[in-house]
Structure formats: C-alpha cells, structure tokens
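Since every read-out is calculated from the coordinates, none of them should be taken as a lab result. Note that the coordinates shown come from a computational prediction; the quantities given were computed from them, not determined experimentally.
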Ligand SMILES: [Zn+2]
C-alpha cells in the first residue's frame, strides 16, 4: 500500500475510545450511534446532530465500541490524553478485543 505524504509526516498512529458525540466539535452529548462519512469513517454522533445534518444514525452493533484513530508527527507519551491539533482523524467501530468491526 502506498504511503501518503500525510502519513509520512505523521508516522505515529493512535486509537482512543470515543467518549461523546463527535459530529460537531462543540457537541458533547452521549453517543447514540454513528453516521457514515466517506472520509472520516463511522463518526460517533448523538441523535440531535444526526437530525440537524439530515444524516442517518446507525445503531452501534452489540459489543462494539466507537473509536477515534488519529495520527501524530511525534511519539506521544502514554497515556495519550489529547489529540494533537495537526492530527489526521478518522473514526471506526471496534470489537471488544480492539479489532476493527467488519475487518
Ligand atoms: Zn451531537
């Protein structure tokens, strides 16, 4: 697989569990499901944000967890507590063992 310039500049990849709606930056409502975005993946969302943007809220499969995947230009100290502002962020659903749902 070809490495993009973005990936070359941000070689460190981290996964973190999503704690609240990420459909809008300002929203911190509880996650009610995900909305599919062709670039961002399965974005954790509350019902209100899905309704506001006329997106279909998909239920999170039983046992699955909404996750954030983000890149970093530098290695971050563990535990990672914040996402660097220049990160490339995508979202996915993980099984209990951490593997990506559907992969
Ligand atoms: Zn929301």
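Couple of notes before you dig in:
- Segment residue 26-residue 51, extension gain: residue separation times 0.36 nm, minus the distance between their alpha carbons: 7.4 nm
- Of all the options 26, 64, 73, the one that moves most in a Gaussian network model of the chain with Cα springs shorter than 10 angstrom is 26.
- Normalised alpha carbon radius of gyration of the chain [divisor 2.2 N^0.38 Å]: 1.10
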